[in-house]
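Undergrad: Would you mind keeping the following structure in view while I ask a few things?
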């Protein structure tokens, strides 16, 4: 093969290619197993572009064509155009507002003919390129707070626009790029602050607000007492403790209610409180039309997750077999070809099949990290870690969604879930990495 086509195959990591093909094949089989209807011609339905599995196959063919062009592209092209692609991504996100099509509660999709384009998915590739470009610049001193703010701005700007399009799940994916920043030297203090904030938000949802306020006040008073000698020498320390206390109480009293009533959608809020086993205290705040409150109707918010767990559990050790699952074949599990496709694998192929799929993912992630560490170029290394972070985030959240360990926020399983934009964006992201790795001896900036 190398002798016939050296321009394409030289330096290409074929292990990555085979892992990619294996995951896409698993996805096609999984989509076929839940959407194929008895009596249809398999060949004709695959070629028709009318069934989900036929569309996914055509998306895969398009991804292969795009991947081939990427492999034939000079690696310097990606560094030279990284910022242009980022600007193009922001433009696509902006075009969503006047031209969007509302689909299942989200306003992040542009319909072009019979194809739905979700710019937020493609923006993951563009943000990864732009962040790698910024971190690899000679002028970037990543030990300074100014550089931290610029890098965070590159990541958070498209995330905030995505939130405005009612696509909170995809917006959260952009947070995965902070793992790249930590690899490149972001101080651990930011991680501590972020983790503490997450704990405070969870505590706000679980603990009574007045009790939590008393606890926060007690913690602040205890800190002042323990650090009283240092406070006498440095009065500024007392100001910092009081400022942190005010910030925590502000998050608890104002920020969290604002997010749950103005930012998150109603079904997101219901699913979060269903996950922690509590009634939604913001339900009446979300159901006001004019001056008269609308009666709150109790919804079965955990129906999807419950059916998903039943499907996975019914698969047992070896599964019910290909196309023999009852929960998925008879549509008991909503979105079983997209967000909940992992339960299709679990029911059909059991614990062994699910473990095998997760094993392929783990091997893929380990391979990407291995590729990242062998790069001479900072740009290539940062980009590779960006790919690993995004894929890991998607896998972790999606699998946890299907087994009830995370709220349902609509994140697809990479390369497997049905969706043209998702498959194209992940394929482009991976093929750019393969191209960069093929030129790993080059120093790109």
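The values are calculated or read from the model by the stated rules, or taken from the named source; none is laboratory data. Bear in mind the structure is a predicted one, so any value in this text is a computation, not a measurement. Methodologically, a virtual Cβ is constructed for each residue, glycine included, from the backbone with ideal geometry; neighbour enumeration extends over all protein chains shown.
Undergrad: Among the candidates 165, 118, single out the residue that is within 30 Å of residue 265 (Cα to Cα), touching a strand residue (DSSP E or B) at 6+ places or on another chain (Cβ under 6 Å) and surrounded by fewer than 22 Cβ atoms within 10 Å (Cβ to Cβ).
TA: Of the residues listed, the single one that is within 30 Å of residue 265 (Cα to Cα), touching a strand residue (DSSP E or B) at 6+ places or on another chain (Cβ under 6 Å) and surrounded by fewer than 22 Cβ atoms within 10 Å (Cβ to Cβ) is 165.
Undergrad: Being under 13 Å from the mean Cα position of the chain (by Cα), assigned to a helix (DSSP H, G or I) and within 22 Å of residue 116 (Cα to Cα) is true for just one of 425, 389. Which residue is that?
TA: Checking each option against the conditions leaves just 425.
Undergrad: List the helices (runs of 4 or more DSSP H) inside the stretch 72-189, counting only whole elements, that have at least 2 residues being within 16 Å of the chain's Cα centre (by Cα) and modelled with pLDDT of 85 or more.
TA: Passing ranges, in order: 119-136, 145-164, 168-173, 178-183.
Undergrad: Continuing with this model, one more query. Can you tell me which residue among 384, 372, 406 is modelled with pLDDT of 95 or more and either part of a loop (DSSP other than H, G, I, E, B) or touching a helix residue (DSSP H, G or I) at 6+ places or on another chain (Cβ under 8 Å) (or both)?
TA: 384
Undergrad: Turning to a different aspect of this structure: Considering only the stretch 217-237, state which residues are in contact with a helix residue (DSSP H, G or I) (Cβ under 7 Å, 6 or more places away or on another chain) and over 24 Å from residue 250 (Cβ atoms).
TA: Selection gives 230 alone.
Undergrad: For residue 219, state whether it is loosely packed, with under 15 Cβ neighbours inside 10 Å and at pLDDT 85 or above.
TA: yes
Condition check ((1) on the phi < 0 side of the Ramachandran plot; (2) crowded, with 17+ Cβ neighbours inside 10 Å; (3) free of Cβ contacts under 8 Å to residues at least 40 places away in the same chain) across all residues:
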site: 333; (1), (2), (3): yes, yes, yes
site: 338; (1), (2), (3): yes, yes, no
site: 342; (1), (2), (3): yes, yes, no
site: 348; (1), (2), (3): yes, yes, no
site: 352; (1), (2), (3): yes, no, yes
site: 355; (1), (2), (3): yes, no, yes
site: 362; (1), (2), (3): yes, no, yes
site: 368; (1), (2), (3): yes, yes, no
site: 373; (1), (2), (3): yes, no, yes
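Undergrad: Somewhere in the stretch 201-208, is a residue free of Cβ contacts under 8 Å to residues at least 12 places away in the same chain, farther than 28 Å from residue 273 by Cβ and touching a helix residue (DSSP H, G or I) at 6+ places or on another chain (Cβ under 9 Å)?
TA: no
Undergrad: I would also like to ask the following. Determine whether residue 424 is touching a residue at least 60 places away in the same chain (Cβ under 8 Å) and buried (at least 23 other Cβ atoms within 10 Å of the Cβ). Steps first, please.
TA: On the way: touching a residue at least 60 places away in the same chain (Cβ under 8 Å): yes; buried (at least 23 other Cβ atoms within 10 Å of the Cβ): no.
It is false that residue 424 is touching a residue at least 60 places away in the same chain (Cβ under 8 Å) and buried (at least 23 other Cβ atoms within 10 Å of the Cβ).
Undergrad: Right, something else. Does residue 54 satisfy the criteria of being assigned to a helix (DSSP H, G or I) and either at pLDDT below 90 or touching a strand residue (DSSP E or B) at 6+ places or on another chain (Cβ under 8 Å) (or both)?
TA: Values: assigned to a helix (DSSP H, G or I): yes; either at pLDDT below 90 or touching a strand residue (DSSP E or B) at 6+ places or on another chain (Cβ under 8 Å) (or both): yes.
Considered against the rule, which asks whether it is assigned to a helix (DSSP H, G or I) and either at pLDDT below 90 or touching a strand residue (DSSP E or B) at 6+ places or on another chain (Cβ under 8 Å) (or both), residue 54 comes out as yes.
Undergrad: Let me ask you something else. What do you reckon, is residue 411 assigned to a helix (DSSP H, G or I), buried (at least 17 other Cβ atoms within 10 Å of the Cβ) and either at pLDDT below 95 or within 19 Å of the chain's Cα centre (by Cα) (or both)?
TA: Working: assigned to a helix (DSSP H, G or I): no; buried (at least 17 other Cβ atoms within 10 Å of the Cβ): yes; either at pLDDT below 95 or within 19 Å of the chain's Cα centre (by Cα) (or both): yes.
Answer is no for this residue.
Undergrad: Can I ask one more? For residue 66, indicate whether it is outside any loop (DSSP other than H, G, I, E, B) and in contact with a helix residue (DSSP H, G or I) (Cβ under 7 Å, 6 or more places away or on another chain). So that I can check it myself, show each step before the final result.
TA: Values: outside any loop (DSSP other than H, G, I, E, B): yes; in contact with a helix residue (DSSP H, G or I) (Cβ under 7 Å, 6 or more places away or on another chain): yes.
Taking the combined requirement at face value, the residue satisfies it.
Undergrad: Also, I was wondering about something else. Sort out for me the helices (runs of 4 or more DSSP H) sitting completely within the stretch 223-296 that have 1 or more residues that are out of contact with any strand residue (DSSP E or B) (no Cβ under 8 Å at 6 or more places or on another chain), at pLDDT below 85 and closer than 16 Å to residue 204 by Cβ.
TA: Helices (runs of 4 or more DSSP H) meeting the threshold: 266-275.
Undergrad: Would you confirm whether any residue within the stretch 99-106 is more than 30 Å from residue 322 (Cα to Cα), exposed (fewer than 15 other Cβ atoms within 10 Å of the Cβ), in contact (Cβ under 8 Å) with a residue 60 or more places away in the chain and touching a helix residue (DSSP H, G or I) at 6+ places or on another chain (Cβ under 9 Å)?
TA: Yes.
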